[in-house]
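See structure below.
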Amino acid sequence: MDQNQQKEAIAKAALEFVLENSNQPAALGVGTGSTADFFIAMLADHVRRFTGAVASSEASAEGLRKIGMPLLNFSDSGLMDFYVDGADEIEPGGAMVKGGGAALTREKIVASMARRFVCIADESKCVDTLGGFPLPVEVIPMAEVPVSQAMQQLGGKPVTREGCITDNGNIILDVHGLEIGDALLWEKTLNMIPGVVTNGIFAQQRASLLLTMKGSEIVRVDYD
Ligand code: 5RP
């Protein structure tokens, strides 16, 4: 199976999991990216099983609108059972790097409003240590220089993502060369840099469940 076929198969497994484990119509948190797009497309036949969805980006909101899923905000949705989203990297403890699609801030917020984060990540995303994928960091535009300098002091090489303005009107720095051992400590440390809106380490909002593949077999890893 190639990467795209894996993404599609994993999205299908996630849909089955969510349908099996949602007893009554409930709100669903929906992520961003190509794996999440497969999931959104498959949701089309099951819209009535949900009261609606909270989208983690304008792009996902558009996809959800197209399939007729009602879009909810937090005051309508309350605490959700599931947030389903992809990842750029996931390590054996369930901490992730996210933000390849520049949606990390809203993704972290929506994830914080769900009991379980269902991570849908193809085989290539499963790593021993985070940091091989350049770490996306959303930054208030006026803070580009000071935040870049702070990242360099921490041993990283920040590169401003060209032509990218987030849904929140900010820029993304992709920070190369970080070896993220203690993910929670790194997440907290980077959050303290003035001008950083969100960093792409999801250790506090780590995955509760990983659906991935080994070749053509679905692999399920429960973290809680
Ligand atoms: C978007 C994300 C995505 O979940 C991540 O980039 C994975 O994307 P894809 O499913 O396209 O591989 O964090 O901000």
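No lab work stands behind these numbers, since they all come straight from the coordinates. Please read all numbers here as calculations on a predicted model, not as lab measurements. With ideal geometry, Cβ positions are generated from the backbone for all residues, glycine too; neighbour counts draw on all protein chains shown.
What the table below lists for this structure:
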| item | result |
| --- | --- |
| Candidate lysines - alpha carbon under 17 Å from K98, same-chain residues fewer than 8 apart omitted | K7, K108, K125, K188 |
| Environment charge at E123 (Cβ cut-off 13 Å; Lys +1, Arg +1, Asp -1, Glu -1) | -1 |
| DSSP bridge orientation in the chain - percent antiparallel, rounded to nearest 5 | 60 percent |
| Compactness relative to 2.2 N^0.38 Å, alpha carbon Rg of region 135-199 | 1.01 |
| Mean ellipticity per residue at 222 nm, deg cm²/dmol - from DSSP H runs of n ≥ 4 across the chain, formula -39500 (n - 2.57) | -9000 deg cm²/dmol |
| For region 1-50: Kirkwood Rh in Å [reciprocal of mean 1/r, alpha carbons] | 11.3 Å |
| Cα centroid separation, region 27-48 to region 181-224 (Å) | 21 Å |
| Loop GluC sites (Glu not before Pro), region 133-185 (other Cβ atoms within 10 Å of the site Cβ: 11 or fewer; DSSP) | E162, E179 |
| All-pairs alpha carbon distance profile, the chain, 10 Å steps from 0, percent | 9, 35, 36, 18, 3, 0 |
| Candidates G156, G94, G29: whichever shows maximal mean-square fluctuation once the chain is modelled as a Gaussian network with Cα springs under 10 Å | G156 |
| Candidates L104, L190, L28: whichever shows maximal mean-square fluctuation once the chain is modelled as a Gaussian network with Cα springs under 10 Å | L190 |
| Residues listed by number, region 102-120, amide nitrogen under 20 Å from K12 label point at 7 Å toward C-beta | 119-120 |
